[in-house]
Every structure is written in C-alpha cells, then in structure tokens.
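Novice: First the structure, then my questions, so here it is.
The values are calculated or read from the model by the stated rules, or taken from the named source; none is laboratory data. Everything quoted here is computed from the prediction, not taken from an experiment. Please note: Cβ atoms are built from the backbone with ideal geometry, for glycine as well, and neighbour counts cover all protein chains shown.
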Amino acid sequence: MPSGSVQITSIASPRVSSIRKLQQRRHRDDRGVFVVEGYASVEAALAHGHVRELWLTEAATADHADLVELAQKHRSLLIVMTEAVSVAVGRTQSPPGIIAVADQVGISLQALLLRAPRRLVILHEVNDPGNAGTIVRTADAAGYDGVIFTAGSVDPMNEKCVRATAGSIFTMPVCVGGKLTEISDALTQAEISVLATDPLSHLLLGSAQVRQLLSAPFAWLLGNEARGLEQSAVASAAATVAIPMPGNTESLNLAVAAGLCIYADVWQV
C-alpha cells in the first residue's frame, strides 16, 4: 500500500457512509464536495487540484500509478479499498474502482461576465443529467466560454451529469442557479444576445440571418426535455431560432439539438 494511505476493508466504515450520502444534493452542498468516478474524470479532477480524497481498489492502485502520483502531488488523501467497498460506494453497475471526492466547482454569473464571454449556453429547467453533462462536454469541445444552469435545472455535480461530462466539469466554467429573468437581464446589460430555440421560429439554423446573429456575443437558451421553453422564457430572448427538420419527427433529443446549435457557430454552417 502506498505510504500515507488509508485502508478501508468494511462497508460499515463511517467513511463509506459519508461518501454514499453525497448522492444527495443537500449533502453535497452542505459539505461543498461531490463524487467523481472513472479514470478520465478523476484524472481531470486531480490534474486541476480539486480532489480531497482518492479512493482506489488495490488493483487500480497497481494499474494507475499516475493517479497515485497526482494525489500525492496535490496532497489528496489516498484511500485503498477492497472490491466489496468499491461496489458499496460505486455509482455504476460495474464500478471501475476509481472514485474521488472533489471540491465543488462553479463560478458566479458576475465573475463569468467579467471574463467578457463571447459564446455561452443557458440550460433552463433541464432535468436529465445525461443530457446536461453531454451539453457541458460539447460546449467544452467547441471552445465555449461557459454553461449556465438556471434554478430548477439538474445539479451539474450530480454523479450522472459529472460522468457525462467526461472531465469537462473541471475545464468548462459552470454557473449554477439564478432565475432566468435575472440571467437574461444581466446578459443583455453585458451586450450578449440570448437566442432561444423555438421550432416555430421563422429563423432557421444555418441561414444568413442566424450566421449574422452568431457574429456577435450570444448565449443559446435551451429548455426542458419534454416541455421545451415556456412562452415567458422565449419572450426574454433577443431572437428565436428553429432547427430545420425536413423529416417526419417533430423533435430532437436535447443534447443533439444543443450540439447542432453549438457547432453552428464553430462551423458557420
């Protein structure tokens, strides 16, 4: 076992109970931490110095000396656990034996706007953590400046959302909470246009008019998976944009729709 590490062999350990409580948002918020699972996400968390505790099985400790080295470099507590403990604290059906307890991430809207962002995504009442995490990852890949979660949206530090970001939760600035009206007002004052997705809009993604809108600072506003955006939310936008759907379906998966909007600017299609 690496020097300075702690060994846990019983699922009755208080540490096991403590980490399992982090499945609930109130415990994450009270303690200011969240759980990260899997090699890629944990490596990103370690590389950015966010990890308080690194939990590895004995096999993972032997196979991933790089993670152990990063944990020691950043003075994270290394916990070596048995396979039984790994199953007890893991969030997936086949736990990889690599888990971290990391400091919560996030940036205030004011701090985000001080960075003079040019391209943003606003998630309004988005409930599916897989969709939300995929959108954060996509925005990161496209070089966006931040993702804003309105009040009522899923917690971006929900374990499923974190897993879907594949580490982008640590590299993409994320702003959590706030009413949509307040966010829209702040962006308008910062001369950032809010563009809402609306299937009834006469402006089509890929058109010359939309390309013109994307030439200035903007924020895509995306709504709930089932309901989309209510009329009050659409009314708060500077413009609405529809995604062309010449086929037979009436809607797209939210993460797919977000990806098309995000990359419309990158490709200028």
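Novice: Across region 151-168, what is the total count of residues that are under 9 Å from the mean Cα position of the chain (by Cα) and within 15 Å of LEU22 (Cβ to Cβ)?
Specialist: The total comes to 7.
Novice: If you don't mind, there's one more thing I want to ask. Kindly check whether there is at least one residue in region 139-157 that is within 16 Å of GLU225 (Cα to Cα), in a helix (DSSP H, G or I) and without any contact (Cβ under 8 Å) to a residue 60 or more places away in the chain.
Specialist: Within region 139-157 (the criterion being within 16 Å of GLU225 (Cα to Cα), in a helix (DSSP H, G or I) and without any contact (Cβ under 8 Å) to a residue 60 or more places away in the chain), the answer is no, since none of the residues qualifies.
Novice: For residues that are small (Gly, Ala, Ser) and in contact with a strand residue (DSSP E or B) (Cβ under 6 Å, 6 or more places away or on another chain), scanning just region 56-110, find the one that is surrounded by the fewest Cβ atoms within 10 Å (Cβ to Cβ).
Specialist: Only one residue fits best here, namely GLY106.
Novice: Does ARG28 meet the test of being closer than 13 Å to GLU159 by Cβ and of a type outside the set (Asp, Glu)?
Specialist: In short, yes.
Novice: If you don't mind, there's one more thing I want to ask. Tell me, which strands (runs of 3 or more DSSP E) lie completely within region 166-241 with 1 or more residues that are within 30 Å of ALA47 (Cβ to Cβ)?
Specialist: 174-176, 218-222
Novice: Another question about this same structure. Picking from VAL154, VAL147, which residue would you name as being touching a strand residue (DSSP E or B) at 6+ places or on another chain (Cβ under 9 Å) and either buried (at least 21 other Cβ atoms within 10 Å of the Cβ) or closer than 26 Å to ALA60 by Cα (or both)? Lay out the reasoning, then the answer.
Specialist: On the way: VAL154 fails: either buried (at least 21 other Cβ atoms within 10 Å of the Cβ) or closer than 26 Å to ALA60 by Cα (or both).
None of the other options fit; the residue is VAL147.
Novice: Tally the residues that are within 14 Å of ILE99 (Cα to Cα) and not in a helix (DSSP H, G or I), restricting the search to region 8-50.
Specialist: Qualifying residue count for the region: 8.
Quick grid of which residues meet (1) under 20 Å from SER168 (Cβ atoms); (2) at pLDDT below 95; (3) outside the structural domain of ALA166 (by TED's automatic domain parsing); (4) out of contact with any His (no Cβ under 9 Å at 6 or more places or on another chain):
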| residue | (1), (2), (3), (4) |
| --- | --- |
| ARG31 | no, no, yes, yes |
| GLY38 | yes, yes, yes, yes |
| HIS50 | yes, yes, yes, no |
| LEU56 | no, no, yes, no |
| GLN72 | no, yes, yes, yes |
| LEU78 | no, no, yes, yes |
| VAL89 | no, yes, yes, yes |
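Novice: Determine which single condition GLN23 fails, assuming it passes every other condition in (1) farther than 19 Å from VAL174 by Cα; (2) surrounded by fewer than 15 Cβ atoms within 10 Å (Cβ to Cβ); (3) in contact (Cβ under 8 Å) with a residue 24 or more places away in the chain; (4) out of contact with any helix residue (DSSP H, G or I) (no Cβ under 8 Å at 6 or more places or on another chain).
Specialist: Among (1) farther than 19 Å from VAL174 by Cα; (2) surrounded by fewer than 15 Cβ atoms within 10 Å (Cβ to Cβ); (3) in contact (Cβ under 8 Å) with a residue 24 or more places away in the chain; (4) out of contact with any helix residue (DSSP H, G or I) (no Cβ under 8 Å at 6 or more places or on another chain), GLN23 violates only (4).
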